[in-house]
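Peer 1: Shown below is the structure under consideration.
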């Protein structure tokens, strides 16, 4: 049984960096609302569109497959999205506002990454029309937070007015404190529930989902990953 009931006013959950169908299915069973695939070749969690499509085929309909891209053109993103069965994309580079709109017009939900201490920063939020904004810090060799914790409360002002996905250094033992500090609509976790890059520790996934289910936002989370039947990819 999922750890998180649909009526629970807790943030939605994205488990990112999946590479195996069995682990993705187990994450969904633990309560994940979204499963993330990395389409960035330098990442140790990167996989092919075909491999991602095999994972998507085992996911329940309620779970959103999300592709993570860094500075890729529209044509590449759309080709991967079709093969992998994506319903949403996460743009983790310096993508333009026009690209965000183009992908939305094609029927994809778009999550744009903004960085506490990088570019684009939080102040860029008004340039985009994204469906949601992933917020984290920059540090380490890869785009994004590289499992680094940061001042999560700095995201609370954005989360008060925009759909926000909190990332960066989250794990079962600190996710409740991070949610209390930032009040996000969703959380995104990868290395905090792994035993090696791309391989999830399912006991940590279960503990994370259970910890999130016990949190309270005081409001319903904005819809980021729950299926929107009014949209269908072109």
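Peer 1: Report yes if some residue within the range 34-46 is surrounded by fewer than 23 Cβ atoms within 10 Å (Cβ to Cβ), touching a strand residue (DSSP E or B) at 6+ places or on another chain (Cβ under 7 Å), under 24 Å from residue 93 (Cβ atoms) and free of Cβ contacts under 8 Å to residues at least 60 places away in the same chain; otherwise report no.
Peer 2: Within the range 34-46, one or more residues are surrounded by fewer than 23 Cβ atoms within 10 Å (Cβ to Cβ), touching a strand residue (DSSP E or B) at 6+ places or on another chain (Cβ under 7 Å), under 24 Å from residue 93 (Cβ atoms) and free of Cβ contacts under 8 Å to residues at least 60 places away in the same chain.
Peer 1: Taking only the range 178-211 into account, find how many residues are part of a helix (DSSP H, G or I) and either buried (at least 23 other Cβ atoms within 10 Å of the Cβ) or touching a residue at least 24 places away in the same chain (Cβ under 8 Å) (or both). Spell out how you get there, then give the answer.
Peer 2: Filtering the range 178-211 for residues part of a helix (DSSP H, G or I) gives 178-182, 191-193, 202-211.
This time we only want the ones that are either buried (at least 23 other Cβ atoms within 10 Å of the Cβ) or touching a residue at least 24 places away in the same chain (Cβ under 8 Å) (or both), so: 178-182, 191-193, 202, 204-211.
The qualifying residues number 17.
Peer 1: Just the residues that are part of a helix (DSSP H, G or I) and over 18 Å from residue 90 (Cα atoms), please, taken from the range 52-79.
Peer 2: Here is the first cut: in the range 52-79, the residues part of a helix (DSSP H, G or I) are 52-56, 74-79.
Across the range 52-79, the qualifying residue is only 54.
Peer 1: Quick one: count up the residues across the range 166-177 that are more than 21 Å from residue 23 (Cβ to Cβ) and assigned to a strand (DSSP E or B).
Peer 2: Selection size over the range 166-177: 1.
Peer 1: Which members of the range 112-136 meet the condition of being at pLDDT below 95, under 16 Å from residue 159 (Cβ atoms), part of a loop (DSSP other than H, G, I, E, B) and more than 17 Å from the chain's Cα centre (by Cα)?
Peer 2: Matches in the range 112-136: none.
Peer 1: Residue 155 - would you say it is in a helix (DSSP H, G or I) and crowded, with 23+ Cβ neighbours inside 10 Å? Outline the logic, then answer.
Peer 2: On the way: in a helix (DSSP H, G or I): yes; crowded, with 23+ Cβ neighbours inside 10 Å: yes.
It is true that residue 155 is in a helix (DSSP H, G or I) and crowded, with 23+ Cβ neighbours inside 10 Å.
Peer 1: Condition first: touching a strand residue (DSSP E or B) at 6+ places or on another chain (Cβ under 8 Å), farther than 21 Å from residue 224 by Cβ and either touching a residue at least 24 places away in the same chain (Cβ under 8 Å) or surrounded by 14 or more Cβ atoms within 10 Å (Cβ to Cβ) (or both). Can you find one or more residues in the range 9-19 that meet it?
Peer 2: Applying the first criterion (touching a strand residue (DSSP E or B) at 6+ places or on another chain (Cβ under 8 Å)) to the range 9-19 yields 11-19.
Keeping just the survivors that are farther than 21 Å from residue 224 by Cβ gives 19.
Next cut, either touching a residue at least 24 places away in the same chain (Cβ under 8 Å) or surrounded by 14 or more Cβ atoms within 10 Å (Cβ to Cβ) (or both) only: 19.
The answer is yes, given that some residue of the range 9-19 is touching a strand residue (DSSP E or B) at 6+ places or on another chain (Cβ under 8 Å), farther than 21 Å from residue 224 by Cβ and either touching a residue at least 24 places away in the same chain (Cβ under 8 Å) or surrounded by 14 or more Cβ atoms within 10 Å (Cβ to Cβ) (or both).
Peer 1: Against the definition (over 16 Å from residue 83 (Cβ atoms), assigned to a helix (DSSP H, G or I) and either modelled with pLDDT of 95 or more or more than 17 Å from the chain's Cα centre (by Cα) (or both)), how does residue 29 come out, yes or no?
Peer 2: Values: over 16 Å from residue 83 (Cβ atoms): yes; assigned to a helix (DSSP H, G or I): yes; either modelled with pLDDT of 95 or more or more than 17 Å from the chain's Cα centre (by Cα) (or both): yes.
Here the answer is yes, as residue 29 does meet what is asked.
Peer 1: Looking at the structure I just gave you, is residue 89 touching a helix residue (DSSP H, G or I) at 6+ places or on another chain (Cβ under 7 Å) and at negative phi?
Peer 2: Working: touching a helix residue (DSSP H, G or I) at 6+ places or on another chain (Cβ under 7 Å): yes; at negative phi: yes.
The answer is yes for residue 89.
The values are calculated or read from the model by the stated rules, or taken from the named source; none is laboratory data. In this text the structure is predicted, and so the values were computed from the model without any measurement. A quick note on method: Cβ atoms are made from the backbone with ideal geometry, for glycine too, and the neighbour counts reach across all protein chains shown.
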